[in-house]
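Worksheet for the structure shown next.
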Amino acid sequence: MNDRPSSDALRHDFHPAVRAWFDASFPSATEAQLRAWPNIQANRATLVAAPTGSGKTLTAFLAAIDALVRQGLADGALADETTVVYVSPLKALSNDIALNLEAPLAGIRDELARLGLPGLAIRTAVRTGDTPAHERQRVARRPPQLLVTTPESLYVLLGSDSGRRMLATVRSVIVDEIHAVAD
């Protein structure tokens, strides 16, 4: 018996703009994605263990972005609050992830416009030990919906009043390379 979800399940679980961007960008969902998305969307703690190149990071981000799209459309806009924290053990990877988020976010904005729906400003920010003070202040004044950080910088945020205020609205935490931070 094959308990693998069908690729048709993806058609019903994501907002049409998110689904359209994904379909235009990838030939199909991977098995890891099809297995993880229902759990992530049901707000269950989910560990995605799959080979490199199987879309693990996008798996987590796409579910989080979909939730933000749905929330923003339902509310008319997104609040200036951080709802997703992505923790990467490597500073360079944090910057790569922030850049790699811009393509899906832009593509989904384009799909929203194509569907005649209002655009959403889903903001991202990177917070590492190398983040300049003026950028940290900007993020504190207007928190991004998606924060990309390192374990060390997350620890600093948790240790400050302003950091705890920003993190109080977080609903999803994505930990990449969990084996590197498990100790």
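Observations on the structure shown:
- Residue 24-residue 75 pseudo-label distance in nm [points 7 Å out on the Cα-to-Cβ vector]: 2.6
- 31, 81, ranked by accessible area, largest first (probe 1.4 Å): 31, 81
- For region 164-183, the residues whose backbone nitrogen is under 19 Å from a point 7 Å from the Cα of residue 90, taken along Cα to Cβ, are 174-183.
- The charge dipole of region 25-91, taken about its Cα centre with unit charges on the Cβ atoms of Lys, Arg (+1), Asp and Glu (-1) only, comes to about 280 debye.
- Assigned charges on the beta-carbon of Lys, Arg, Asp, Glu; the chain dipole about Cα centre (debye): 380
- Angle between the chain longest axis and helix 16-25 axis [Cα atoms, degrees, rounded to 10]: 80
- Residue-span extension gain [residue 117 to residue 164] - 0.36 nm each, minus C-alpha spacing: 13.5 nm
- Annotation for region 32-70 versus region 99-140: alpha-carbon center distance of 19 Å.
- Packing, taken as the mean count of other beta carbons within 10 Å per residue, orders the peptides 82-89, 37-44 from highest to lowest as 82-89, 37-44.
- Computed P(r) (all Cα pairs; the chain; 5 Å bins; percent): 1, 8, 16, 20, 20, 16, 10, 5, 2, 0, 0, 0
The values are calculated or read from the model by the stated rules, or taken from the named source; none is laboratory data. The model shown is predicted, which means the values in this text are computed figures rather than measured ones. Every residue, glycine as well, gets a Cβ built from its backbone with ideal geometry; the counts of neighbours run over all protein chains shown. In case anyone asks, the SASA skips ligands and DNA or RNA and just uses the protein heavy atoms, side chains included. Shrake-Rupley method; radii C 1.70, N 1.55, O 1.52, S 1.80 Å.
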